[in-house]
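Before any comments, here is the structure.
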Amino acid sequence: MFPDGVDTDRLYKAFDAFRRYNEAAENDILLPRRQLASTLTRPEEDRLREMMNQRLNACENLLQVNGKIAWLIHEQGRSWLQWGVDTTFDPASQGHLATEEDHAIVRSTIRQIWRDWSKESESERYPCHQAVMEDVQNYSQRTPTEGAKRILVPGAGLCRLPFNLAAAGHDVEANEVSYHQLLATNFILSYTREYAKHHIRNLAKSDSQIHLSRNGNQIEVYPWVTQFSNHVKTDDQFRHYSIPDLCPVDVLHEVPSFDFSSGTLGIKMANLQINGRDFTKDFQGPEHSSAFDILATVFFLDTATNVLDYMRTAWHILKPGGQWINVGPLLWNCYENGPGGRREGDVDDDENARARQVNGQQAVAPGKQWDMKIELSNQEILALLEQIGFTLIRNNEDMKQAGYVRDTTSMLQNVYQCAHWVVEKPAED
Ligand SMILES: C[S@@+](CC[C@H](N)C(=O)[O-])C[C@H]1O[C@@H](n2cnc3c(N)ncnc32)[C@H](O)[C@@H]1O
């Protein structure tokens, strides 16, 4: 049995969505385009139909390659949870059928593997992660005698930032409400050379849908294969990247294990703890009071329905003298203003925007055009923080621009001029 904090219906649906990646991609991505191609019946449309079909056939093959990664995530997750999930258990047949939203989140999660765990996306991650690392370092230098700092990273996605902070020697807790992302994180953190050498390479010998990197130690992922707009060259859609860019076990010197001590789904790996806690609801208790030296949020603040709830939680969990480091945009209302909302016509941007905001927790009803959130400017946020009692330590108006799962060769370039600030909960006299 799982602890009460695990929402088994949501978890099983996440499993089901990874397991049926190919089927959903076929239905959601390929089928409507194939139907469109089949309407091109006039003789002068032959070449056009041929082009479309060629592209769709290539997509079909590569979606299956991504689908294999999704299947490996599913397989790894099931063995990870073997005491909680009977291996013959089929969530879908028990009524836990993945929703359209689950499938969209899984596709977005596969792209996010590129964001967090490929070498090529370092330039996207670096401005944000480096800003946090430097602020943490400054804080540590100011308070050198107290040993490893306890850092909380909520909304951690695929957990590269918490991993980097743990690798730098800090004691890190990351949380992420999306089971899809927790399952993918578990897969990446568990990815060892041995796993690649024995399991993946053996599978690849008989399975042409598993693409290995040249050195045979990594898997190839195709993040833009579901993206049909704004390509300069046809092959841009089919670019592939080797993941993960490093073996986490080599860095943290410990194999991850499942961990339910938080009362939710969790992973423990050396000084890194990851769990499915919700930052709004699960940090109110006395056990979390003044528990952390640092709160680090990256591309997270705008997931709040009422940002004051996040601020109150921040105040509660930080030790006196502790700091909150924040980097990210304020994309409150992705339906109206974000990539999907602009109706640029591309499913990837739409799915990324939706997944980064709601992750299936608050699925938006069809026809509802915007998230019910309190949409503040950065200036208003800083004013509220001061009103609560935080002291502004730094307001960096010179952050480098940063994308979010951005294909740098695309004709459309979404970049954020991120806010970057540090506030402190004043030390007690
Ligand atoms: C835009 S993503 C950012 C992920 C990661 N920080 C990054 O920079 O790639 C925001 C994440 O916050 C998660 N999230 C949203 N609300 C949350 C909450 N209340 N508690 C914990 N995680 C939450 C979402 O599931 C999503 O993965």
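Yes or no: the stretch 136-149 includes at least one residue that is near the ligand (Cβ under 10 Å from one of its atoms), surrounded by 16 or more Cβ atoms within 10 Å (Cβ to Cβ) and without any contact (Cβ under 8 Å) to a residue 60 or more places away in the chain.
Looking through the stretch 136-149, none of the residues is near the ligand (Cβ under 10 Å from one of its atoms), surrounded by 16 or more Cβ atoms within 10 Å (Cβ to Cβ) and without any contact (Cβ under 8 Å) to a residue 60 or more places away in the chain.
Within the bounds of the stretch 253-276, is there any residue that is near the ligand (Cβ under 9 Å from one of its atoms) and surrounded by fewer than 21 Cβ atoms within 10 Å (Cβ to Cβ)?
Scanning the stretch 253-276 turns up no residue that is near the ligand (Cβ under 9 Å from one of its atoms) and surrounded by fewer than 21 Cβ atoms within 10 Å (Cβ to Cβ).
Tell me which of these residue 212 doesn't satisfy, since it passes every other one: (1) free of Cβ contacts under 8 Å to residues at least 24 places away in the same chain; (2) out of contact with any Ser or Thr (no Cβ under 9 Å at 6 or more places or on another chain).
Exception for residue 212: condition (2).
How many residues are under 18 Å from the mean Cα position of the chain (by Cα) and either among the basic types (Lys, Arg) or surrounded by fewer than 22 Cβ atoms within 10 Å (Cβ to Cβ) (or both) if we restrict to the stretch 228-243?
2
Name the residues in the stretch 189-212 that are in contact with an Asp or Glu (Cβ under 9 Å, 6 or more places away or on another chain) and under 23 Å from residue 255 (Cα atoms), would you?
Selection gives 192, 193, 212.
Those residues that are at pLDDT below 95, more than 21 Å from the chain's Cα centre (by Cα) and of a type in the set (D, E, K, R), I need them from the stretch 305-353; list them, please.
336, 342, 343, 344 - these are the residues of the stretch 305-353 that are at pLDDT below 95, more than 21 Å from the chain's Cα centre (by Cα) and of a type in the set (D, E, K, R).
Would you please list the contacts, defined by Cβ atoms under 6 Å and residues six or more apart or on different chains, that run from a residue in the stretch 382-401 that is part of a loop (DSSP other than H, G, I, E, B) to a residue that is not acidic (Asp, Glu)?
Once the first residue is part of a loop (DSSP other than H, G, I, E, B) and sits in the stretch 382-401, its partners that are not acidic (Asp, Glu) give 390/423; 396/420; 399/418; 399/420; 400/127; 401/415; 401/417.
Go over the candidates 222, 191 one by one and state the one that is among the aromatic types (Phe, Trp, Tyr), more than 16 Å from the ligand (Cβ to nearest atom) and modelled with pLDDT under 95.
It is 191.
State which residue pairs qualify: first residue within 14 Å of residue 29 (Cα to Cα) and away from the ligand (no atom under 13 Å from the Cβ) and inside the stretch 97-119, second residue assigned to a loop (DSSP other than H, G, I, E, B) and of a type in the set (S, T, N, Q) in any location, beta carbons under 8 Å apart, and separation of 6 or more residues or different chains.
107/226
Looking at 36, 62, 56, 11, which one is part of a helix (DSSP H, G or I) and at pLDDT below 95?
Only one candidate qualifies: 11.
The values are calculated or read from the model by the stated rules, or taken from the named source; none is laboratory data. Predicted model, so just to flag it, every value in this text is computed and none were measured. Quick reminder, even Gly has a Cβ in these numbers, built from the backbone with ideal geometry, and neighbours come from all protein chains shown.
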